[in-house]
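The values are calculated or read from the model by the stated rules, or taken from the named source; none is laboratory data. Predicted model, so just to flag it, every value in this text is computed and none were measured. So basically every Cβ, Gly included, is an ideal-geometry build from the backbone, and we count neighbours across all protein chains shown.
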Protein chains: 2
Amino acid sequence: MPQDVYQHTFANGLTLLAEPMPHVRSAALNFLMPAGAVYDPPDRLGAAAVLSDLITRGAGQRDSRELTLAMDNLGLDSSESVGSIHMRFWGATVARNLPAALEIYADILLRPHLPEDELDAVRSLALQDIRGLEDEPRSKVLVELRKRHYPTPLGYDHRGTAEGVAALTIEDLRERHRRLFRPGGAILSVAGNFEWVPLRDQVARLFGGWEGDAPPPPPPGSRGEKRGHVAKDLAQTQIAAAYASVPVGDPDYYAAMGAVHVLSGGMSARLFTEVREKRALCYSVWASYQTFKDRASVLCYAGTTNERAQETLDVLLRELRRLPEGIEAEEVERVQAGLKSSLIMQQESTSARALAMASDWYNLGRVRSFDEIQAAVNDLSPQSILAHVRRLPPADFTIVTLGPKALEAN
Amino acid sequence: MPQDVYQHTFANGLTLLAEPMPHVRSAALNFLMPAGAVYDPPDRLGAAAVLSDLITRGAGQRDSRELTLAMDNLGLDSSESVGSIHMRFWGATVARNLPAALEIYADILLRPHLPEDELDAVRSLALQDIRGLEDEPRSKVLVELRKRHYPTPLGYDHRGTAEGVAALTIEDLRERHRRLFRPGGAILSVAGNFEWVPLRDQVARLFGGWEGDAPPPPPPGSRGEKRGHVAKDLAQTQIAAAYASVPVGDPDYYAAMGAVHVLSGGMSARLFTEVREKRALCYSVWASYQTFKDRASVLCYAGTTNERAQETLDVLLRELRRLPEGIEAEEVERVQAGLKSSLIMQQESTSARALAMASDWYNLGRVRSFDEIQAAVNDLSPQSILAHVRRLPPADFTIVTLGPKALEAN
């Protein structure tokens, strides 16, 4: 069941990763373009978001409407999304339509029209997305957390700012496309029912004439305040916290994942038990690992009543801080069971496999095999996790709250 | 690739549905218990929600903590959720843990402790869920729409009310469990890597001694006002609308699905094109089909700026009303491509298959095959969809808005 992964880096720098899954009838593809929000100029925040919408409004021989029709005719489920480093193009459909879908993506990535007469409409939608965030306190508190926790430009919200979006010109966007949509640094991953050789040959034909390298992301700048409160008259208080972890390539990586799962890997995990089950402080509480190539963090969230918000934050921080005091063998067994179960389920999804391959390639320069990950999970122990959280104890938290009243965080 | 589905209804009324998927290594199970929100007494709204949390706090030989540990030890990804008709228990894990997971679910469903000393904690969480809805305008507007559009008790929000949750006693919940958790009316569906005969035998052993029938849902009562506005000082206005459709067993069912997909089945569908692409009125706009056994509706949503909310509602209603004017052949081809593509992807997910089997059994008393659905989708035509929307034109809308200003809906 664990499949072979094919890999080919073309002369122009584009890397193709492919995992044939002969027992399925679908295929998923995933392009990572080095064109995420970190490349937004400080006075044009939101350029990536606007480009990710405008780029599908006509490409190659097709105008905006024709392009949309062509994608829907393939039964293509697709999305374009903006991450910090990458702009991501994802699509999934029946396997026999994969070649036609790739033809369309070649147009979108290499030959978009970026029509000036649609810019105002796209800009208006982007401004709405920014405004809509004000009505979504759960998302808002995490946006504010990342803004403060990461150095610029890593902490940018992909939505950008109203000023940045308003200032964008069509030339900004066209220049951005010319500069960043380059094969050097681009990754295409495909998982599903297809043959490797015809796929590779088609990708060579479609993307072989593409040239150039995207520039590296801008270097990290300064970061925000460690403490933040956004005052808002809400029924609940939103709490978000972050602290440093190790990136996916680090020797401690699996131990770091293990530690996060001790906190938040199931119903019996510490945060759920202490915050929700024992104290009924909130419905939703979690910790989640987020990695970049050179740094990683653990992000934590809880949404609770205004009255019990201080207690929720106190319990959350106490659980984080007491990780280095000890890890039980039974906790590690449950973490292993959960990680193995989700690993197996990931193997059965074409979309999950396509994304995992591309992430591995970007972060590690290779794709980890199922056996490698499983072996590393099997090797987890109370000792290995404890050694990690003692080397890098949860501390030095960035904490952001959103609600009627600021909290004390010590 | 389309699999055989096994079905067995035990003497006590429990139906087991099973789809072996030999190429996967996971398994998903899904219990539908006739214990949804419609069974909540009018002065105890929220009983289903509270029971769905309390029921996992100890069962059989295990107390609350031991039960949680046992589930996490299996790497079980699980959830309990409350729908209108059913309470749903879903779990997925590696296939070899399926028998152990079933043992645990037999305890939860048949022998829950329903501990009185945890009721206050569970109640407190349920109250938080009700309050939290006030900070989630997107969810809130749809809750308000269903409340007005469906007759009681079908329109009940699964969260219940603060008064109902506050009034609940442990005896209410124990009586509710005794009355509703009965094999007559219960459906267990399993999809993944397992053998049919051992599964059937295990289910017979675990659930064979269970007895009784759940009562039918209470008959429909009165419905709310067709127009509603919830005044709230928000950055955006939320718009929701609903109109009658035909349920899944109706001869018009596939034509009705086709009509919804003409509206909202892809990026080229009418709502996305008219509301988002052409007029940039909002980021998110959709129509979605919702069926019960004896009735169905199309629910529509748009979230937009306060300034352009009236225009958004006008365009939305115009698109709904003009469906009977004509359907293009190309639109139907795209709908077919989209439906076939999602049908194939559903076949590849153990969780999606488990849920689809159970839904079919409840609604139709049988499980539709892949070939049957595909043939019905292939048979769609402009004529068949047009005939349906002329027999049952979108009209008589329930419309709810949430935001600073009420809108005109004619």
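Annotation note: Cβ proximity below 8 Å between a residue of region B:271-291 that is within 11 Å of chain A (Cβ to nearest Cβ) and a residue that is acidic (Asp, Glu) and part of a helix (DSSP H, G or I) (sequence gap 6+ or interchain) occurs for B:Val275/B:Glu319; B:Arg279/B:Glu311; B:Ala280/A:Asp120; B:Leu281/B:Glu311; B:Tyr283/A:Asp129.
Just one of A:Asp53, A:Asp40, A:Asp77 is under 21 Å from A:Gln347 (Cα atoms) and under 21 Å from the mean Cα position of the chain (by Cα); which is it? Quick ask: steps written out before the conclusion?
Working: A:Asp53 fails: under 21 Å from A:Gln347 (Cα atoms); A:Asp40 fails: under 21 Å from A:Gln347 (Cα atoms).
Unique residue meeting the criteria: A:Asp77.
Of all residues in region A:296-314, those satisfying the criterion of being more than 9 Å from chain B (Cβ to nearest Cβ) and closer than 30 Å to A:Ser84 by Cβ are A:Ala296, A:Ser297, A:Val298, A:Leu299, A:Cys300, A:Tyr301, A:Ala302, A:Ala309, A:Thr312, A:Leu313.
Residues that are of a type in the set (Ser, Thr, Tyr) and either crowded, with 20+ Cβ neighbours inside 10 Å or within 13 Å of chain A (Cβ to nearest Cβ) (or both) within region B:9-34 comprise B:Thr15, B:Ser26, listed in sequence order. Restricting attention to region A:243-255 and to residues that are among the aliphatic types (A, V, I, L, M) and surrounded by fewer than 24 Cβ atoms within 10 Å (Cβ to Cβ), the residue that is farthest from A:Leu145 (Cα to Cα) turns out to be A:Val248. Scanning region A:137-148 for residues that are surrounded by fewer than 19 Cβ atoms within 10 Å (Cβ to Cβ) and within 8 Å of chain B (Cβ to nearest Cβ) yields a count of 1.
The set of residues in region B:1-26 that are small (Gly, Ala, Ser) and either free of Cβ contacts under 8 Å to residues at least 12 places away in the same chain or more than 20 Å from B:Met87 (Cα to Cα) (or both) comprises B:Ala11, B:Ser26.
From B:Gln374, B:Gln336, grab the single residue that is within 14 Å of chain A (Cβ to nearest Cβ) and touching a Lys or Arg at 6+ places or on another chain (Cβ under 9 Å).
Residue meeting the stated conditions: B:Gln374.
If you go through region B:346-367 one residue at a time, do you hit one that is at positive phi and either basic (Lys, Arg) or more than 9 Å from chain A (Cβ to nearest Cβ) (or both)? Scanning region B:346-367, I find at least one residue that is at positive phi and either basic (Lys, Arg) or more than 9 Å from chain A (Cβ to nearest Cβ) (or both), so the answer is yes.
Of all residues in region A:229-255, those being of a type in the set (Gly, Ala, Ser) and farther than 29 Å from A:Ser359 by Cβ number 2. As a summary of the residue check, A:Ala191 satisfies the conditions (1) buried (at least 23 other Cβ atoms within 10 Å of the Cβ); (2) within 14 Å of another protein chain (Cβ to nearest Cβ); (3) out of contact with any Ser or Thr (no Cβ under 6 Å at 6 or more places or on another chain) except for the one numbered (3). Considering the conditions (1) crowded, with 19+ Cβ neighbours inside 10 Å; (2) of a type in the set (A, V, I, L, M, F, W, C); (3) closer than 30 Å to A:Leu14 by Cα, A:Leu364 is excluded by exactly one of them, (1).
Can you find a residue in region A:395-407 that is in a helix (DSSP H, G or I) and surrounded by fewer than 16 Cβ atoms within 10 Å (Cβ to Cβ)? Even if it seems obvious, please write down each step before you answer.
Narrowing region A:395-407 to residues in a helix (DSSP H, G or I): none.
So far as region A:395-407 goes, no, none of its residues is in a helix (DSSP H, G or I) and surrounded by fewer than 16 Cβ atoms within 10 Å (Cβ to Cβ).
Give the residues of region B:52-65 that are in a helix (DSSP H, G or I) and within 11 Å of chain A (Cβ to nearest Cβ), sorted by residue number. Across region B:52-65, the qualifying residues are B:Asp53, B:Ser64, B:Arg65.
Within region B:302-314, the presence of a residue that is touching a strand residue (DSSP E or B) at 6+ places or on another chain (Cβ under 9 Å) and farther than 16 Å from B:Leu407 by Cβ is excluded.
Tell me which residues, restricted to region A:162-176, are surrounded by fewer than 19 Cβ atoms within 10 Å (Cβ to Cβ) and not charged (D, E, K, R). Within region A:162-176, A:Ala162, A:Ala166, A:Ala167, A:Thr169, A:Ile170 meet the criteria. Listed by position, the helices (runs of 4 or more DSSP H) contained in region A:72-169 that have at least 2 residues being of a type in the set (Lys, Arg) are A:119-132, A:137-149. Among the residues here, A:Ala255 does not qualify as of a type in the set (A, V, I, L, M, F, W, C) and either within 14 Å of chain B (Cβ to nearest Cβ) or under 22 Å from B:Val122 (Cβ atoms) (or both).
Among the residues of region B:117-126, is there at least one that is more than 14 Å from chain A (Cβ to nearest Cβ), surrounded by fewer than 20 Cβ atoms within 10 Å (Cβ to Cβ) and either β-branched (Val, Ile, Thr) or more than 25 Å from the chain's Cα centre (by Cα) (or both)? No, there is no match, as no residue in region B:117-126 is more than 14 Å from chain A (Cβ to nearest Cβ), surrounded by fewer than 20 Cβ atoms within 10 Å (Cβ to Cβ) and either β-branched (Val, Ile, Thr) or more than 25 Å from the chain's Cα centre (by Cα) (or both). Tell me, please, whether a residue that is within 14 Å of chain B (Cβ to nearest Cβ), over 30 Å from B:Glu348 (Cα atoms) and either without any contact (Cβ under 8 Å) to a residue 24 or more places away in the chain or surrounded by fewer than 16 Cβ atoms within 10 Å (Cβ to Cβ) (or both) can be found in region A:233-240. The answer is yes; a qualifying residue exists.
Tell me which residues, restricted to region A:362-410, are of a type in the set (Ser, Thr, Tyr) and either touching a His at 6+ places or on another chain (Cβ under 8 Å) or without any contact (Cβ under 8 Å) to a residue 60 or more places away in the chain (or both).
Pass one, region A:362-410, residues of a type in the set (Ser, Thr, Tyr): A:362, A:369, A:381, A:384, A:398, A:401.
Within region A:362-410, A:Tyr362, A:Ser381, A:Thr398, A:Thr401 qualify.
Suppose we keep only residues that are under 30 Å from B:Leu402 (Cβ atoms) and in contact with a helix residue (DSSP H, G or I) (Cβ under 8 Å, 6 or more places away or on another chain) within region B:319-333. Which one would you say is farthest from the other protein chains (Cβ to nearest Cβ)? The qualifying residue farthest from the other protein chains (Cβ to nearest Cβ) is B:Pro324. Per the conditions (1) in contact with a Lys or Arg (Cβ under 7 Å, 6 or more places away or on another chain); (2) within 30 Å of B:Leu234 (Cβ to Cβ); (3) not aliphatic (A, V, I, L, M), the sole criterion not satisfied by A:Gly160 is (1).
Can you tell me which residue among A:Lys293, A:Lys340 is within 20 Å of A:Glu372 (Cα to Cα), modelled with pLDDT under 95, surrounded by fewer than 19 Cβ atoms within 10 Å (Cβ to Cβ) and under 26 Å from the mean Cα position of the chain (by Cα)?
Numbers: A:Lys340 fails: modelled with pLDDT under 95.
One residue alone meets the criteria, A:Lys293.
Against the test of being surrounded by 17 or more Cβ atoms within 10 Å (Cβ to Cβ), within 13 Å of another protein chain (Cβ to nearest Cβ) and closer than 21 Å to B:His158 by Cβ, the options B:Ala49, B:Ala101 yield a single qualifying residue, B:Ala49. Using the structure shown, decide if A:Ala92 is more than 9 Å from chain B (Cβ to nearest Cβ) and surrounded by 22 or more Cβ atoms within 10 Å (Cβ to Cβ). No: the conditions fail for A:Ala92. Somewhere in region B:195-204, is a residue of a type in the set (Val, Ile, Thr), away from chain A (no Cβ under 13 Å) and assigned to a loop (DSSP other than H, G, I, E, B)? Checked region B:195-204: no residue is of a type in the set (Val, Ile, Thr), away from chain A (no Cβ under 13 Å) and assigned to a loop (DSSP other than H, G, I, E, B). When B:Thr68 is tested against (1) within 14 Å of chain A (Cβ to nearest Cβ); (2) buried (at least 22 other Cβ atoms within 10 Å of the Cβ); (3) touching a residue at least 24 places away in the same chain (Cβ under 8 Å); (4) of a type outside the set (Gly, Ala, Ser), just one condition goes unmet, and that condition is (3).
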